[in-house]
Amino acid sequence: MSEAPLVPGTVAEHTICLLTKIGQVAFRIAEDGLGDLGLRVRHYSVLQALADNGPMSQLALGTFLRIDPATMVTSLDDLERDGYAIRERDARDRRRYVVRTTDAGREILAGANRRLNSLDSGVLADLSAADRKALHRMMNELASGPTLPPMFDAVRDQAGSRKMQGAGSRVERSGNS
């Protein structure tokens, strides 16, 4: 095991570099911690969003969680296969699917929440209880504030637009051959 900090040297002078690395590390630890339950973080997020909000359309769920449509479909396929969620046609609009959790989904979610609570304690063990609360409050402020969410949406939308432009260019080139 290395004694070096996660973000060595003057790179750590940039809060965004610290957040990036800590986010990557926390994600890996969360994925590992949920893995033996057969879940990934994105599966947990879907199940928790449904528990918090009740049944939602597939599109509304993806928008709420900021999960792209392809990843949402794959995640829901996984959750349906494992019996944790069900997609049903919306009675008001047969073109849409409504997603809801199953009893098994609610059970696995309870286990995932216990596991994540334990991981929170372990990952944040170097902080006092007061510092943990302060960190959580500050992270929540950033995640729900007026600046970061729209900034992320703009960058994500730009990236999606570039992908579509690249795909269009490939189609045009292949069509002109």
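The values are calculated or read from the model by the stated rules, or taken from the named source; none is laboratory data. Values in this document were obtained by computation on a predicted structure and should not be read as measured data. Here the Cβ is made from the backbone with ideal geometry for all residues, glycine too, and neighbour counts use every protein chain on show. Side chains included, ligands, DNA and RNA excluded: accessible areas come from the protein's heavy atoms. Shrake-Rupley method; radii C 1.70, N 1.55, O 1.52, S 1.80 Å.
Based on what the data block shows, is Lys133 in a helix (DSSP H, G or I), over 19 Å from the mean Cα position of the chain (by Cα), at pLDDT below 95 and surrounded by 10 or more Cβ atoms within 10 Å (Cβ to Cβ)? Judged against the criteria, Lys133 is not a match.
One residue alone among Gly9, Gly62, Gly54, Gly38 is out of contact with any Leu (no Cβ under 8 Å at 6 or more places or on another chain), on the phi > 0 side of the Ramachandran plot and free of Cβ contacts under 8 Å to residues at least 24 places away in the same chain, and that residue is Gly9. Residue pairs whose Cβ atoms lie under 7 Å apart, sitting 6 or more positions apart in sequence or on different chains, and linking a residue in region 103-122 that is over 15 Å from Leu47 (Cα atoms) to a partner that is assigned to a helix (DSSP H, G or I), are Leu119/Ile29; Leu119/Ala30; Leu119/Gly33.
In the set (1) in contact with an Asp or Glu (Cβ under 9 Å, 6 or more places away or on another chain); (2) open to solvent by 70 Å² or more (accessible area, probe 1.4 Å); (3) at pLDDT 95 or above, Leu142 fails one condition alone, (1).
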